[in-house]
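J.: So that we are looking at the same thing, I have put the structure below in structure tokens.
Each reported figure results from applying straightforward, stated rules to the coordinates on display, with no laboratory input. Quantities reported herein were computed from a predicted structural model and do not represent experimental measurements. All Cβ positions, glycine included, derive from the backbone under ideal geometry; neighbour counts span all protein chains shown.
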Amino acid sequence: MPRIVIISPPFFSHARPLSVLAAALRARGAEVHFACSPAFAGMAEQAGVRFVPLAVTRNANTGVAEATEQDAVEAARLGEFFDATRRGAVAALTTQARHRRADMLADPDTVFGELRVLDERLRPDWYVVDQLSYAATLALHCLRARYATFCPGHPTYVLGGTDSWFGVPYDWPAALRPDTRLLADLTAVARDNDRAFTALFEEFVRDKAPHAPAVGRAFALTSPDAVVYSYPHLPWLPEPQAGPRHVYAGHMADPAEQLDGQWSRRLRRLRGRADKVVLVALGTFLAARDDVLRTVVSGAVRHDDRTAVVVAAGERTAALADLAGDRVVLAPSVPQQALLPHVDAMVHHGGNNSFTECLRSGVPALVLPFSSDQFAIARDAERAGVGVVRDPNRLAPQDVPTALAALHATVRPNMARWASELGARGPHYAAAHLLATMNRPAPVH
């Protein structure tokens, strides 16, 4: 029975799929420890695995970003990020690039020290580490521990060719494609980050583990054994780096989540007043964009009397309370995976979890990307014919029913194929392939 430690950053959208993978590994006989900040101990308990307290970053998001307790500096940076999303794609990505060093490589010495103590105490056979937890990956590299990389976002987060840059989408949806000058500016910032991070990694390795292999490009540092993607293996994706086994799990959705009685009653009431029910959720961070939520909800119900909506409004529930009515249910958070099989469409931000959960459930989506890998995911939704993409900053209420109508007319017929393909994959598929890889000898460096 292998002993595995799963390392997650304290972000709900990362910890949730990793806890699902933890449960799948446990179900196949592994002894699993889930290492994250104490606020996520309940996820380990729900997965039936052991919890280990470990902080890999100062930032956090326990489910609603604005409601998560942050220090003053982190709160200010979060506000700056939201402001940047209002200025458009390149502004948001450039702001994220400037914030990246503090987000992704905060206090690597402490992370290294804590992981060394954890490694000596638990003596795990393997680790599974979130790919965006760069300080943890760097520590494992220095400790010469065997680990698998878990990619929580778009597969291009794991850099392939020399012309790819972390933070620059490999492709853009038609509605948000920037002009050449802006794209060149963003690429220059990303290239500078690449050099700076690589220099920091090299210096850290020289200090902590001078006999360890060179890291190469910092953003390309992943397991030499296996990389697990919570994403389908789309035929047009860029070729990944050679070496590790690449496992495309398709999704990391919990197969056991069911709709409770309260939500079942809410849906029945909505179905009694409308022909279609649309789920609106912009993720744990971007619910703060209540201007976009207001546009979507008002457009869906006031310009189409046959549509009802369920809205995950986060901390902005009170600010949007005037929208509530016979065809609008507002809540700070919603059981998204449980709701999806019962709705006709979803409006989301292009997050990995929302994209793959919609595919798994056969639900077409209106995608409104704001930041990060959401532009690449939106492009994949567009190219696969499973979603319609619009610029959230240019969306008008009257545009919403037109976009939703396009989903039902042109997108829904494509969904059955993808739902069938993803049905054969998921967390247990990933766990089986990971355990098979763990039984192989370590690659020679």
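J.: What size of dipole, in debye to the nearest 20, comes out for the chain about its Cα centre when the only charges are +1 on Lys and Arg C-beta atoms and -1 on Asp and Glu C-beta atoms?
T.: Values: 47 positive and 46 negative charges, 180 e Å.
In total the dipole reaches around 860 debye.
J.: Please report the relative contact order for the chain, taking Cα pairs under 8 Å with a sequence separation of at least 6, and give it as a percent rounded to a whole number.
T.: Working: 825 pairs, mean separation 71.5, N = 445.
Over the chain, the number comes to 16 percent.
J.: Which of the GluC sites (Glu not before Pro) found in the range 348-444 are loop residues per DSSP with 16 or fewer other Cβ atoms within 10 Å of their Cβ? The partial results should precede the final answer.
T.: Numbers: sites: E357, E382, E421; in loops: none.
Counting only loop positions with at most 16 other Cβ atoms within 10 Å, none of the GluC sites (Glu not before Pro) in the range 348-444 qualifies.
J.: Okay, next question. What trypsin sites (Lys or Arg not before Pro) in the range 346-424 are in a loop by DSSP, with at most 13 other Cβ atoms within 10 Å of the Cβ?
T.: Values: sites: R360, R379, R383, R390, R394, R417; in loops: R390, R394.
Those that pass, being in a loop and sparsely packed, are R394.
J.: What FRET efficiency would be calculated for the residue pair A331, D207, taking the C-beta separation as r and a Förster radius of 60 Å, to the nearest 0.05? Before the final figure, lay out the partial values.
T.: Numbers: r = 49 Å, r/R0 = 0.81.
That pair, A331 with D207, gives E of 0.80.
J.: Same structure, new question: Between beta-carbons, use under 15 Å as the cut-off and find the net charge around L435, counting Lys and Arg +1, Asp and Glu -1. Show your work: numbers first, answer last.
T.: Details: positive: R3, R26, R28, R146, R245, R440; negative: E31, D125, D225.
Every neighbour counted, the sum reads +3.
J.: Please give the net charge around P178, taking every other residue with its beta carbon less than 15 angstrom from that of P178, where Lys and Arg add +1 and Asp and Glu add -1.
T.: Working: positive: R87, R177, R181, R379, R394; negative: D171, D179, D185, D391.
That sum, taken over residues with Cβ under 15 Å, equals +1.
J.: Here is a follow-up. Report for the range 261-423 the percent antiparallel among DSSP-assigned beta bridges with both residues inside it, nearest 5. Before the final figure, lay out each step's value.
T.: Details: 1 of 20 bridges.
DSSP beta bridges in the range 261-423 are roughly 5 percent antiparallel.
J.: Okay, moving on. Taking the simple approach of a point 7 Å from Cα along Cα-to-Cβ for both A338 and Q258, what is their distance in nm?
T.: Inter-label distance under the simple model: 1.0 nm.
J.: Additional query: For Kirkwood radius over Cα pairs in Å, several values are listed as (1) 24.5; (2) 22.3; (3) 35.4; flag the one computed from this structure.
T.: It is the one labelled (2).
J.: Can you sort L93, L182 so the residue with the fewest Cβ neighbours within 10 Å comes first?
T.: On the way: L93 26, L182 16.
Result, fewest neighbours first: L182, L93.
J.: Right, here's the next one. With charges only on Cβ, +1 for K and R and -1 for D and E, what is the dipole size of the range 261-423 about its Cα centre, in debye, rounded to 20?
T.: Values: 20 positive and 16 negative charges, 98 e Å.
It comes to approximately 480 debye.
J.: Before anything else, pin down the relative contact order of the range 261-423: Cα pairs under 8 Å, at least 6 apart, normalised by residue count, whole percent. Working shown, then result.
T.: Values: 290 pairs, mean separation 35.7, N = 163.
With pairs under 8 Å counted, the relative contact order is 22 percent.
J.: Sticking with this structure for a sec: To make sure I understand, if each residue's beta carbon is the centre and we count other beta carbons within 10 Å, what order do W263, W126, W236 fall in, fewest to most?
T.: On the way: W263 18, W126 22, W236 10.
Fewest-to-most ranking of W263, W126, W236: W236, W263, W126.
J.: So if R0 is 45 Å, what FRET efficiency would R417 and A75 give, r being the distance between their Cβ atoms, rounded to the nearest 0.05?
T.: That gives a FRET efficiency of 0.55.
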